[in-house]
1. Hey, rough spin-label estimate for MET99 and GLU45, points 7 angstrom out along Cα→Cβ, what's it come to in nanometres?
2. To the nearest 10 square angstrom, what accessible area does SER24 show with a 1.4 Å probe?
3. Starting from 0.36 nm per residue, how many nanometres of slack lie between PHE61 and GLN4 once their C-alpha separation is accounted for?
4. Restricting to DSSP loop positions (anything but H, G, I, E, B) with no more than 10 other Cβ atoms inside 10 Å of their own Cβ, which chymotrypsin sites (Phe, Trp or Tyr not before Pro) remain in region 38-89?
5. Give, in whole angstrom and from largest to smallest, the semi-axes √(5λ) of the equivalent ellipsoid of region 45-101, with λ running over the eigenvalues of the Cα gyration tensor.
6. Express the accessible area of the chain per residue in Å², computed with a 1.4 Å probe while the remaining protein chains stay in the model.
7. Mind checking which of TRP55, ALA39, ALA96 is farthest towards the positive end of the chain's charge dipole, using Cβ charges of +1 (Lys, Arg) and -1 (Asp, Glu) about the Cα centre?
8. Under 25 °C and 0.890 mPa s, how fast does the chain diffuse according to Stokes-Einstein, given a Kirkwood radius computed over C-alpha pairs? Answer in µm²/s, whole number.
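The values are calculated or read from the model by the stated rules, or taken from the named source; none is laboratory data. Just so you know, these numbers come straight off a predicted model, no measurement behind them. Don't worry about glycine lacking a Cβ; one is built from the backbone with ideal geometry, like all the others, and counts go over all protein chains shown. Heads up: the accessible areas ignore ligands, DNA and RNA and are worked out on the full protein's heavy atoms, side chains in. Shrake-Rupley method; radii C 1.70, N 1.55, O 1.52, S 1.80 Å.
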Amino acid sequence: VQLQASGGGTVQAGGSLRLSCTPSRSIFSFSLRGWYRQAPGKQRELVATINNGGWTNYGDFVRGRFAIFGDNVKNTMYLEMTKLTPEDTAVYYCFADYMDVTIWGQGTQVTVSS
């Protein structure tokens, strides 16, 4: 099972980005999926999660700026990020819980310039 993440890049403060994560099997195979991020010199932190029931959870720092959702037809999970600040600069990793194992994507760099 693999996860393919994409969509990172460089954006100015106040801008938006959409990250994508496509698994190698049906997205509904995973009980929980979402995104973490890791900034240089900092620990990995939770950004957002979503389960098969559609319940979502966000890190405190998100403050309504991000949205996690899925497209069943494209079998892809998205993280829509708005009002980005330089503090959002990090490598973003998608993950998915499959059986009793957590699968990680390869990470995609998000850089927000001031």
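1. My value for the distance between the label points is 3.4 nm.
2. Surface open to solvent at SER24 totals about 80 Å².
3. Length difference between fully extended and current span is 18.0 nm.
4. TRP55
5. Rounded to whole Å, the semi-axes are 21, 13, 11.
6. Roughly 54 Å² per residue, with all protein chains present.
7. Sorting the options by dipole projection puts first ALA39.
8. 176
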